[in-house]
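> Please see the structure below; I have some questions.
Quick note: the coordinates plus some simple rules give every number you see, no bench work behind them. Note that the structure is predicted; figures quoted are calculated from it, not measured. Cβ placement follows ideal geometry from the backbone for every residue including glycine, while neighbour counts extend to all protein chains displayed.
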Amino acid sequence: MKKLLLLLVFAGLATVTYSQSYSRAIGLRLGWDYGISYKHFLNQKAALEGVLTYRSWGDAGYNYNYFRLTGLYLIHNPIEGAEGLSWYYGAGVSIQSWGGQYKEFSKYLGKNYSSVALGIHGALGLDYKFVNAPINLTLDWVPSFVFGGWGSGFGAEVGGLGVRYTF
């Protein structure tokens, strides 16, 4: 009984701490690649976000797919006079897998090619939590530098729109 009471008090304090915003969110991420996003606030400003993305493309001489698992540490800053709106920045790491067929690669790498790579990422974006609804929108840019495998080097195309349920 004491444990249950302690749990209820802790849950109530967590609700008070995040009453102006949200503590967790899960939803879709749409952009260059698409996937699932989960964000968890550590305190009023700092959050951890995990993103699992996937991309697939193909036609007559071109067929590939990849997935990426990214972890980001983000710092949120409220925008004065705009309730529910904040801007954020941060950094993180990823691991990705790429594979497929591409006619230009086949003469150098064989008919099927696949690779695993690691990446480092920056993040810059806007975060909006609807005041009277459990919905959160994000719009961000996540430049990356990938080490090893296909697509290694700098990439500026990652980022997009996130639509998430908050709780």
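> Tell me, in nm to one decimal, what length is gained between TYR38 and SER114 on full extension, where the rule is 0.36 nm per residue of separation less the Cα-Cα distance? Numbers along the way, then the final one.
Numbers: separation 76, 0.36 × 76 = 27.36 nm, distance 2.75 nm.
Roughly 24.6 nm would be gained on extension.
> Sort 122-133, 24-35 for me by packing, meaning the mean count of neighbouring Cβ atoms within 10 Å per residue, highest on top. Intermediate values should be presented prior to the final figure.
Numbers: 122-133: 15.5, 24-35: 17.5.
In decreasing order of mean packing, 122-133, 24-35 become 24-35, 122-133.
> A follow-up question, please. What full-extension length gain, to one decimal in nm, is calculated for LEU30 and ASN65 as 0.36 nm per residue of separation minus the Cα-Cα distance? Spell out each step's value before the answer.
On the way: separation 35, 0.36 × 35 = 12.60 nm, distance 1.60 nm.
Net length gain for the segment: 11.0 nm.
> Still on this structure: Evaluate the distance, in nm, between pseudo-label points positioned 7 Å from the Cα of ARG55 and of ALA82 along their respective Cα→Cβ axes.
2.7
> Turning to a different aspect of this structure: Exposure proxy check: TYR165, TYR22 ranked by fewest other beta carbons within 10 Å? Write down the numbers at each step before the final one.
Numbers: TYR165 14, TYR22 21.
Ascending Cβ contact count within 10 Å gives the list TYR165, TYR22.
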